[in-house]
Amino acid sequence: MADVIVLGAGPAGVPAALAAAEAGASVTVIDANDRAGGQFHRQLPRDLDVARPAALHHGWRAAATGFAAMADHPRIEHLAGTRVWLVERADESLIVHTTGANRTSLRGRTLVLATGATERVLPFPGWDLPGVMTVGAAQALVKGQGVRPGRHVLMAGTGPLLLASASTLLTAGTSIAAVTDANSLPDWRSAVGAGRRTPGKVVEAGAYLADLARARVPYRPRHAVIAVDGDGQVERALVARVDEGWHVVSGTEESYDVDAVCVSYGFTPNVGIAAALGCELTEEPAVVADLAGRTSMDRVFAAGEVTGIAGASTAALEGAVAGSAAAQRAGFAVARAEVRRQVRRRERHRRAAEAVLAAAPIRGGWSTWLDHDTIICRCEEATYASVRHAIDDLGARDVRSVKMTTRCGMGLCQATMCGPSVVDLVTQATGRRPDDADGLAGRSIAEAVPLGEL
Ligand SMILES: Cc1cc2nc3c(=O)[nH]c(=O)nc-3n(C[C@H](O)[C@H](O)[C@H](O)COP(=O)(O)OP(=O)(O)OC[C@H]3O[C@@H](n4cnc5c(N)ncnc54)[C@H](O)[C@@H]3O)c2cc1C
């Protein structure tokens, strides 16, 4: 039995594993990816290793030191390419069931959930054409495969990741037609004010903006991609000016000839395993965790974006704290002064991140970009017209009713992609958030698993 099982080997999971192992605990780290790094420090496959991996990464040196320390640590075992589909509680321990490269059931005295977040996607006409992808997918292509998302790309959405991702794509040699942010520059000024608490982040954002300026990429606040079309793949993107609520200002539409559109509308915490275990969730939904990363369930800790979106540096600090706390719960002594220092730094980083995110909200006007045939649920090909029919004609007032009448959220991704949009559409139609808004997150089997394994 491992003293600590860490689920996720991203910016939160790696420091969690190292902190727990340093305290003397035996640690098993499990991650679906073949190499450590998570979303932010996604690594190329070993056989594609390049001479200068740092070129595409921010904060690579510290991350690489962490990966090496984890690989060399005698008390850490890393199960890569392995997905966790179920966690069960047992007396004084937890049982973790896995599939993929390592199909097994492991027992741990404690568990650190560092499962990160999935990207929020907004539907718009043509968003299901090949060539439309999230900035995370573009980043996965570049950092994880050494492949550019397109030759001439438009980047659209809102928030700081647009800048970070544009910088990565430029470094990889992609031509960017423009970066459009549906929110405005004044919104961003308040975030920069809050960023004074974490000057490193302001410098980082400045460097990204400088990259855009050097490459002469236009940055267009209050503009959005409202439709994409092409013959079997992206050929054109329609960009329009939007007002404060993201309604299109008519007569401002213009067309861009591009072969890819990369979108970023923020993240949704990946709470599937936590919800199935019964951990308390916030409305977001994110896992409720205290300063030490303790969740509402004994022996279960959480760190990083599964507890709320706040960026890689916050995730790393939270991971270290939660790893120490998990080791302590498993019976090991930890260096309290160091943990207190990390908690203080984490508070600063999280407050600054919250201010940045507050400057980049999603506004309801996005639903006016849709036409009747726009797909909302890609897995089940449920259209906007079918969702409207469920709400307007059949009286659906909660997510479950929309799901039952349209099949939204019943496919392979189990509402990971369409769920937040359905919640928004019901909220817009009824004027209140549906009572079962977080119900989409809760199912006991968190990952697709072959029946034979069940
Ligand atoms: C395109 C893009 C650009 C970004 N740019 C920046 C930036 O400039 N600055 C910044 O601070 N942040 C940035 N971020 C955000 C940053 O990636 C996150 O803050 C950070 O990765 C969060 O770390 P985490 O460890 O909480 O989660 P993640 O990095 O998401 O790691 C979670 C890990 O858990 C694993 N996992 C989840 N569920 C399971 C399961 N059931 N079984 C097995 N494994 C599982 C996943 O495979 C993943 O490796 C960016 C993100 C993206 C997508």
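The residues on offer are Gly108, Gly24, Gly81, Gly8, and the sole one that is closer than 30 Å to Ala207 by Cα and open to solvent by less than 30 Å² (accessible area, probe 1.4 Å) is Gly8. Only residues that are of a type in the set (A, V, I, L, M), under 20 Å from Asn270 (Cβ atoms) and more than 14 Å from the ligand (Cβ to nearest atom) were counted in the stretch 95-125, giving 1.
How many of the residues making up the stretch 95-105 are surrounded by 22 or more Cβ atoms within 10 Å (Cβ to Cβ) and in a loop (DSSP other than H, G, I, E, B)?
Within the stretch 95-105, the subset surrounded by 22 or more Cβ atoms within 10 Å (Cβ to Cβ) is 96, 98.
From what's left, in a loop (DSSP other than H, G, I, E, B): none.
Result for the stretch 95-105: 0.
Would you say Arg75 is within 15 Å of Ala17 (Cβ to Cβ) and at pLDDT 95 or above? Here the answer is yes, as Arg75 does meet what is asked.
Of all residues in the stretch 32-47, at least one satisfies being touching a residue at least 12 places away in the same chain (Cβ under 8 Å), open to solvent by 80 Å² or more (accessible area, probe 1.4 Å) and within 28 Å of Ser264 (Cβ to Cβ).
Just one of (1) farther than 30 Å from Asp290 by Cβ; (2) of a type outside the set (Val, Ile, Thr); (3) assigned to a helix (DSSP H, G or I) fails for Gln43. It is (3). The strands (runs of 3 or more DSSP E) falling completely within the stretch 198-278 that include 2 or more residues that are away from the ligand (no atom under 12 Å from the Cβ) map to 219-221, 223-229, 236-241, 254-257, 260-264.
Tell me whether the stretch 356-367 contains one or more residues that are polar (S, T, N, Q), under 14 Å from Trp127 (Cβ atoms), in a loop (DSSP other than H, G, I, E, B) and open to solvent by less than 20 Å² (accessible area, probe 1.4 Å). I'd like the intermediate steps shown before the answer.
Let us first name the residues in the stretch 356-367 that are polar (S, T, N, Q), namely 367.
Remaining after also requiring under 14 Å from Trp127 (Cβ atoms): 367.
Checking which are in a loop (DSSP other than H, G, I, E, B) leaves us with none.
Looking through the stretch 356-367, none of the residues is polar (S, T, N, Q), under 14 Å from Trp127 (Cβ atoms), in a loop (DSSP other than H, G, I, E, B) and open to solvent by less than 20 Å² (accessible area, probe 1.4 Å).
Scanning for something in contact with a strand residue (DSSP E or B) (Cβ under 7 Å, 6 or more places away or on another chain) and away from the ligand (no atom under 16 Å from the Cβ), does the stretch 297-311 turn up at least one residue? Talk me through it step by step, then tell me what you get.
First, the residues of the stretch 297-311 that are in contact with a strand residue (DSSP E or B) (Cβ under 7 Å, 6 or more places away or on another chain): 299-303, 305-309.
Pick out the ones that are also away from the ligand (no atom under 16 Å from the Cβ) and you get 299.
There is at least one residue in the stretch 297-311 that is in contact with a strand residue (DSSP E or B) (Cβ under 7 Å, 6 or more places away or on another chain) and away from the ligand (no atom under 16 Å from the Cβ).
Can you tell me how many residues in the stretch 8-31 are in contact (Cβ under 8 Å) with a residue 60 or more places away in the chain, part of a loop (DSSP other than H, G, I, E, B), on the phi < 0 side of the Ramachandran plot and within 8 Å of the ligand (Cβ to nearest atom)? Result for the stretch 8-31: 4. So, in the stretch 165-177, exactly how many residues are open to solvent by 20 Å² or more (accessible area, probe 1.4 Å) and closer than 24 Å to Pro361 by Cβ? Total satisfying the criteria: 0. Would you be able to tell me the number of residues in the stretch 139-186 that are in contact with a Lys or Arg (Cβ under 9 Å, 6 or more places away or on another chain), closer than 20 Å to Val228 by Cβ, without any contact (Cβ under 8 Å) to a residue 40 or more places away in the chain and assigned to a loop (DSSP other than H, G, I, E, B)? So the count comes out to 1.
Looking across the stretch 317-371, the residues that are of a type in the set (S, T, N, Q) and out of contact with any Leu (no Cβ under 7 Å at 6 or more places or on another chain) come down to Ser324, Gln328, Thr368.
Based on this model, can you work out whether Val50 counts as open to solvent by 40 Å² or more (accessible area, probe 1.4 Å), more than 8 Å from the ligand (Cβ to nearest atom) and of a type in the set (Val, Ile, Thr)? Spell out how you get there, then give the answer.
On the way: open to solvent by 40 Å² or more (accessible area, probe 1.4 Å): yes; more than 8 Å from the ligand (Cβ to nearest atom): yes; of a type in the set (Val, Ile, Thr): yes.
Criteria met by Val50.
Only one of the numbered conditions (1) within 12 Å of the ligand (Cβ to nearest atom); (2) outside any loop (DSSP other than H, G, I, E, B) is violated by Thr65, and that is (1).
Residue-by-condition table, conditions (1) closer than 30 Å to Pro221 by Cβ; (2) out of contact with any Ser or Thr (no Cβ under 7 Å at 6 or more places or on another chain):
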| residue | (1), (2) |
| --- | --- |
| Glu354 | yes, yes |
| Ser367 | yes, yes |
| Ile376 | yes, no |
| Cys379 | no, yes |
| Arg388 | no, yes |
| Ile391 | no, yes |
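The values are calculated or read from the model by the stated rules, or taken from the named source; none is laboratory data. Nothing here was measured: the structure is a model prediction, and the numbers come from that model. We place every Cβ from the backbone using ideal geometry, glycine too, and count neighbours over all the protein chains shown. We work out accessible area using only protein heavy atoms, side chains counted, and drop any ligands, DNA or RNA first. Shrake-Rupley method; radii C 1.70, N 1.55, O 1.52, S 1.80 Å.
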